[in-house]
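Below is one structure, written out as structure tokens; the observations come after it.
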Amino acid sequence: DEGTPCAFVLADALYGSDHRFRRMLEDRGQPYVLAVRSNHVLRFLEDWQFVQTDPATLVSNLDTGDWQALSAGEGAKGPRLYDWAWVSLNWTAGDGFARWLLARRSRRDPDAIAYYFAHARADTTLAELAAAAGLRWTIEECFLRAKDDLGLDHCEARS
């Protein structure tokens, strides 16, 4: 509301599942990468037929060649490499914007897949979205460090 710019809004699945939150960001032209649960219900029209599915089902239909090894940022032991894929969500988006379902798959455990809704400029690359999604790890690490180093988990202000 104050007009502070940011490249992407990042959030966990609680916010990613909230369609009103996503629409508010889209109405502002604000790119986002929001986590979503594997069983989140997706409903849309395809070839004039109503389709109801979920992220896990959509991603299960991808071919091996649809996945790319990309970094989600630097970790304690170097780049955090995952396999990434995206599926275009052909829902109406603002001028110059597009929506995707992103999937991040562990390279050690291919069954471990995380899902994200993404909204960004139509020319945004998968690598850019993967890097944005990876920033949530950095934010979570900062919170953990603040709790450990500064004792923020022992704050009595809430009582």
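Overview of values
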{"read-out": "For Leu62: the one exception among (1) under 16 Å from the mean Cα position of the chain (by Cα); (2) within 24 Å of Arg108 (Cα to Cα); (3) surrounded by 14 or more Cβ atoms within 10 Å (Cβ to Cβ); (4) not small (Gly, Ala, Ser)", "value": "(1)"}
{"read-out": "Exclusive hit being within 15 Å of Val33 (Cβ to Cβ), of a type in the set (S, T, N, Q) and either in a strand (DSSP E or B) or modelled with pLDDT under 95 (or both), set Thr138, Thr92", "value": "Thr138"}
{"read-out": "Breaking point among (1) assigned to a strand (DSSP E or B); (2) among the charged types (D, E, K, R); (3) open to solvent by 40 Å² or more (accessible area, probe 1.4 Å), for Asp1", "value": "(1)"}
{"read-out": "Hits in segment 10-30 - residues which are open to solvent by less than 30 Å² (accessible area, probe 1.4 Å) and either of a type in the set (A, V, I, L, M) or part of a strand (DSSP E or B) (or both)", "value": "Ala11, Ala13, Leu25"}
{"read-out": "Of all residues in segment 89-104 being open to solvent by less than 50 Å² (accessible area, probe 1.4 Å) and under 15 Å from the mean Cα position of the chain (by Cα), the one that is farthest from Thr124 (Cα to Cα)", "value": "Ala103"}
{"read-out": "Residue that is least open to solvent (accessible area, probe 1.4 Å), among those in segment 31-53 that are part of a loop (DSSP other than H, G, I, E, B) and without any contact (Cβ under 8 Å) to a residue 40 or more places away in the chain", "value": "Val41"}
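The values are calculated or read from the model by the stated rules, or taken from the named source; none is laboratory data. Please read these numbers as outputs of a predicted model, since none were measured by experiment. All Cβ positions, even for glycine, are placed from backbone atoms using ideal geometry, and neighbour counts span all protein chains on display. Keep in mind that these areas ignore ligands, DNA and RNA; they rest on the heavy atoms of the full protein, side chains included. Shrake-Rupley method; radii C 1.70, N 1.55, O 1.52, S 1.80 Å.
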